[in-house]
Every structure is written in C-alpha cells, then in structure tokens.
Amino acid sequence: MIQLDRRALLAGLPLLAVAPSALAAPSGARPGPFLLGADISWIPQDEADGATYFAGGQQRDILAILGDAGFNAIKLRVFVDPANGYSRSRTVNPWCGKDQTVAMAKRIKAAGMHLTVSFHYSDDWADPQKQVKPAVWKDLPFDGLVKAVGDHTRDVLSALNQAGAPADMVVIGNEITFGLLWPDGRVPLPVPTGNPNTDAVHLNVPDAGGFDKLAALLSAGLDASRQVAPKAKTSLHNHLGRHWPIVQHWTDSLLARGVRFDAAGFSCYQQAVEGDWARTFAGFTQRYPDHGFYAAEYSSRKRHVNDLVHDAPGQRGWGTFIWEPTRHQEAVFDQDGHNAGEGPRPNLLSQGINAAEAPGANAAPQPHPKQRRHGGRYDANALLDVYRGMARDYGLRKT
C-alpha cells in the first residue's frame with residue numbers, strides 16, 4: 001500500500017524513497033516555443049478519399065490552414081506493419097506505415113512545423129484497452145522483443161533522417177499506462193482507495209514486477225531514439241491525465257528503473273471532478289523538475305486545456321496536440337453545414353464515459369471497425385478562431 005500525501009506534495013517534501021531529488025536545478029522547461037499541435041494522421045487517407053479543405057471559402061492545403069490559425073506542430077502515429085491491422089483496406093504502402101509517415105513528415109517539414117512521431121509498437125491501434133504485439137513479433141522471446149523495439153525505432157527514425165524530415169520529438173508507446181506489448185510488457189492497474197480529492201490517496205498495487213519488463217522495452221526505444229535522432233526530445237504517454245496518483249506511481253516506477261525520457265504526455269478527455277487535470281499538472285511540475293509535460297491528446301475544452309499547459313510554472317508545459325481535429329469529436333471543420341466530428345464529449349465522467357477514458361485493464365480487443373470513407377468538402381469553422389486567439393495570446397503570432 002502506497003500513501004500519497006498531497007500536503008507533502010505541496011510542501012515539496014519527498015513522497016516516496018524513489019522520488020527524484022528536488023534539489024537539482026530544473027531542466028524540464030520547454031525547449032522552444034509552446035507547441036500548438038495536432039495529430040492529423042488521418043489526413044493522407046482522407047485526401048485519398050477525395051477530402052478537400054477550405055478556409056474563408058478558399059480551398060487550401062490543410063497544413064496551410066492550420067498554420068495560419070497558429071498551429072506550429074504536428075504529431076503522426078506509426079505502426080509496425082499496418083497492413084496486418086490498421087490499414088487492412090490498403091496493404092500496399094499502407095496508411096501510417098513507415099513510407100506513409102515519411103511522406104507526410106516531408107510535407108510537415110516543408111510547412112515549417114515541428115514534427116512529433118508516436119510509435120504504437122503494434123500493427124493496429126495500441127491504447128489502454130489493448131497493446132497487441134505485431135504479427136512478426138508475436139513469437140519472439142522477451143530479449144527478442146527488446147531488440148525488435150530498438151530496431152523498429154531506429155528504422156523509422158533513420159528513414160525520416162534520410163528524407164530530410166527528422167523527428168523533433170519521439171513518443172515511445174501510445175497510452176502505455178498499463179504497459180505495452182502485452183502480456184510481456186503489461187503492468188498491473190493500481191486500484192485507488194479513498195477519495196482522490198482528500199489529502200491522502202492510497203494505491204493498492206498487487207504486483208509491480210511488470211514494470212521491470214516495461215522499463216526494458218521502453219529503454220530500448222528511448223536509447224534507439226537518442227542514437228539515431230540525438231537532437232529529438234523523448235517522451236512517454238500516459239492516458240490518465242486526470243488521475244495524479246496513478247500518474248505519480250507510474251512515473252516513479254519507471255524512473256526508479258532507470259528509464260530516461262524528457263517529457264510525459266497525458267490524454268485529457270475527461271475528469272472525475274473539475275480540477276483533475278490541473279492537479280496532475282501541478283503535481284508533475286513539482287515532483288519531476290527535470291521533466292516537461294504536454295497534453296498528448298484532447299478535443300473539447302480547447303482553451304481550458306491549452307491555458308493549463310501553457311501557464312504551468314517554469315514553462316514546464318511544452319504544448320498540446322489536439323487529436324484528429326478535422327473529423328473527430330469537437331472538430332474544427334464542418335461538412336455540409338454540420339460539425340465534421342461527433343460533437344463535444346462530456347467534461348466529467350459522471351456525465352457519461354468517453355471511450356478514450358476506458359479503464360482497459362481487463363478489456364478484450366474489439367473487432368476491427370468497417371472501413372469508412374471520409375472524402376468531401378471540409379470547411380474551417382469558428383473553433384479554428386479559438387486557436388488564432390491562443391496563438392496570439394501565447395506570443396506565437398502577432399495577429
């Protein structure tokens with residue numbers, strides 16, 4: 001049983017024996033401009049379906065539209081062999097494979113934008129509900145898995161380098177709160193007991209042994225990134241941005257095992273109670289002075305999430321990446337006079353669960369959805385003006 005005392009946190013006192021020293025000079029400040037980013041990995045396949053993008057009635061390249069609104073960073077996901085899963089409908093030059101990622105990265109760099117590459121280490125979606133091994137890795141012993149992670153990471157990043165489109169930040173694993181490459185790299189779900197809004201919160205962690213293997217897998221990817229792309233920042237992705245006790249336990253467990261990374265990304269779709277995201281950001285900033293953080297995924301409450309990250313003390317909030325803003329949830333584009341996404345999602349868990357916040361510890365992989373086409377005309381809507389305002393207020397643009 002681990003006890004996390006919020007009063008000690010606020011006072012800057014050590015909470016666990018493995019906590020990093022608070023005496024060292026912080027080095028986690030953002031390394032450049034605030035990243036006003038978006039994950040737009042769907043764009044190439046939507047364009048292949050005939051999608052066109054308009055702003056002010058004029059058709060333009062999607063990157064030009066986003067750039068004019070203040071976006072300065074793009075995140076792309078990459079799978080090991082998406083022809084076996086994510087891109088079943090296109091097995092030659094599959095979507096979100098290495099070659100497609102390189103092609104899109106070249107467009108991003110030509111637009112003068114920061115590039116983040118997110119490794120899923122799977123052939124299909126890797127998330128809190130499922131972290132399925134790539135088909136070609138499924139029978140490997142554990143040491144073979146460790147080597148495969150490093151080799152795949154080096155291969156993709158080397159291809160980006162050779163194309164003149166090097167990554168600026170690398171994310172090792174997608175939403176790996178409960179590990180990756182299950183069952184080898186799976187970690188137990190800490191069970192919170194008590195009220196997360198009281199001074200003390202308990203985590204019942206039945207077995208932390210899985211963190212040893214997770215640390216080895218992550219270190220293989222992180223080491224490969226530093227070898228091939230030494231100028232790129234490295235990061236890890238926890239999907240529970242709303243849950244500080246779990247984030248703290250997860251981060252402490254990895255740091256105690258020598259996992260070295262520059263920043264942590266958090267998914268920020270829902271909260272249990274108002275203030276959860278702010279609590280995690282404040283706790284992370286205080287406890288890990290040598291690490292930055294960013295919002296790796298979000299959709300609704302755009303200004304609120306960005307302000308929380310941007311205003312973190314010591315410029316420790318590096319930026320945000322809205323997830324697929326052209327046609328997901330509260331999209332910044334309309335089709336036929338209607339929002340191109342499904343609309344905003346509830347802010348609080350009590351108002352309805354968002355699939356992005358599914359606990360996932362015991363969930364079985366879901367059948368692959370039928371492929372849909374997303375061609376047609378997309379018109380930028382008023383939500384894009386929110387980003388123009390943020391870019392101005394954050395000093396990223398003059399008007």
Any residue that is closer than 25 Å to E175 by Cβ, in contact (Cβ under 8 Å) with a residue 40 or more places away in the chain and out of contact with any helix residue (DSSP H, G or I) (no Cβ under 9 Å at 6 or more places or on another chain) - is there at least one of those in region 96-118? yes
Restricting attention to region 112-121, does a residue exist that is surrounded by fewer than 22 Cβ atoms within 10 Å (Cβ to Cβ) and over 19 Å from the mean Cα position of the chain (by Cα)? yes
Taking the stated definitions as given, is V80 crowded, with 20+ Cβ neighbours inside 10 Å and in contact with an Asp or Glu (Cβ under 6 Å, 6 or more places away or on another chain)? yes
Does any residue in region 302-315 that is closer than 16 Å to R287 by Cα come within less than 6 Å, Cβ to Cβ, of a residue that is part of a helix (DSSP H, G or I) six or more places away or on a different chain, and which pairs are these? A312/F281; A312/T285; P313/T285
Restricting to region 153-179, name every residue that is more than 19 Å from the chain's Cα centre (by Cα) and either crowded, with 23+ Cβ neighbours inside 10 Å or not in a helix (DSSP H, G or I) (or both). L160, A163, G164, A165
For the structure I just gave you, tell me whether A73 is in contact with a Gly (Cβ under 6 Å, 6 or more places away or on another chain) and either touching a residue at least 40 places away in the same chain (Cβ under 8 Å) or within 22 Å of W323 (Cα to Cα) (or both). yes
Considering only residues that are crowded, with 24+ Cβ neighbours inside 10 Å and not in a helix (DSSP H, G or I), look in region 241-260 and name the one that is nearest to the chain's Cα centre (by Cα). G241
Members of region 52-77 found to be in a loop (DSSP other than H, G, I, E, B) and surrounded by 17 or more Cβ atoms within 10 Å (Cβ to Cβ), listed by number: A69, G70, F71, N72
Conditions (1) at pLDDT 95 or above; (2) surrounded by fewer than 21 Cβ atoms within 10 Å (Cβ to Cβ) -> H202 fails only (1)
What are the residues in region 58-71 that are closer than 23 Å to W95 by Cα, in contact with a helix residue (DSSP H, G or I) (Cβ under 9 Å, 6 or more places away or on another chain) and not basic (K, R), if any? D61, I62, L63, I65, L66
Could you check region 277-301 and list, in sequence order, the residues that are touching a residue at least 60 places away in the same chain (Cβ under 8 Å), of a type in the set (G, A, S) and in contact with a Leu (Cβ under 8 Å, 6 or more places away or on another chain)? G283
Take the residues of region 301-352 that are of a type in the set (G, A, S), surrounded by fewer than 20 Cβ atoms within 10 Å (Cβ to Cβ) and in a loop (DSSP other than H, G, I, E, B): which is modelled with the highest pLDDT? G343
Just checking, does region 246-264 include any residue being among the aromatic types (F, W, Y), touching a residue at least 60 places away in the same chain (Cβ under 8 Å) and closer than 22 Å to L157 by Cα? yes
Please specify each residue of region 209-240 satisfying the condition of being in a helix (DSSP H, G or I), hydroxyl-bearing (S, T, Y) and buried (at least 22 other Cβ atoms within 10 Å of the Cβ). S225
Could we say that K133 is buried (at least 22 other Cβ atoms within 10 Å of the Cβ), over 24 Å from G37 (Cβ atoms) and modelled with pLDDT of 95 or more here? yes
Scan region 127-139 and give yes if some residue there is farther than 28 Å from N354 by Cα, assigned to a loop (DSSP other than H, G, I, E, B) and free of Cβ contacts under 8 Å to residues at least 40 places away in the same chain, otherwise no. yes
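The values are calculated or read from the model by the stated rules, or taken from the named source; none is laboratory data. This structure is a prediction, so every number in the text was calculated from the model and none was measured. A quick note on method: Cβ atoms are made from the backbone with ideal geometry, for glycine too, and the neighbour counts reach across all protein chains shown.
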